[in-house]
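Single-structure report; data block below.
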Amino acid sequence: MIRAPMVLFALAGLATPALAQTYTPAEIAASQADFAKGDVNKDGVITQDEVDKRMVELAAAGAFPDVGTAKRMGTKWLKANDRNKDGKVEETESRELFVAKMRRQR
Ligand SMILES: [Ca+2]
Ligand SMILES: [Ca+2]
């Protein structure tokens, strides 16, 4: 079985309250590493286009039953993490849900 990336597991953290958070250096490093996998052109933001490409790859790898499901999950991720609603996700925006999920898995 192919493991879905951590960034998708962060979807389960939607109910996390938007409070000021502090993170350990290890948590920040893990969030940045996961983010970098989705930020294909390395401009510091993940766009809808990049999310779609990543999800198509993951669907092809068997992580999702089909491309449509994968893309819907990707769009859900983007909406959940785009805190300032500019249509793209920065690492600092995705960090909260990512780390919340990491902590639950400990
Ligand atoms: Ca990018
Ligand atoms: Ca944003």
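Numbers below:
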quantity: Karplus-derived HN-Hα couplings along the stretch 55-61 (A = 6.51, B = -1.76, C = 1.60, θ = phi - 60°), whole Hz, x at Gly and Pro; calculated: 5, 4, 4, 5, 5, 5, 7
quantity: Added length on full extension, which subtracts the Cα-Cα distance from 0.36 nm per residue, residue 92 to residue 24; calculated: 23.1 nm
quantity: Simple spin-label estimate for residue 103 and residue 36 in nanometres, 7 Å along Cα-Cβ; calculated: 2.5 nm
quantity: Charge tally in the Cβ shell below 12 Å around residue 80, where Lys, Arg are +1 and Asp, Glu are -1, residue 80 excluded; calculated: +2
quantity: 19 Å Cα-Cα reach of residue 42 towards lysines, excluding residues that sit fewer than 8 places from it in its own chain; calculated: 53, 88
quantity: In Hz, Karplus ³J(HN,Hα) per residue of the stretch 35-52 (6.51, -1.76, 1.60; θ = phi - 60°; x = Gly, Pro); calculated: 4, 4, 5, x, 8, 4, 8, 6, 9, x, 9, 9, 9, 4, 4, 5, 4, 4
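Taken together, the values in this text are just the output of simple stated rules run on the coordinates, not laboratory data. Just so we're clear, the structure is a prediction, and the values are computed from it rather than from any experiment. All Cβ positions, even for glycine, are placed from backbone atoms using ideal geometry, and neighbour counts span all protein chains on display.
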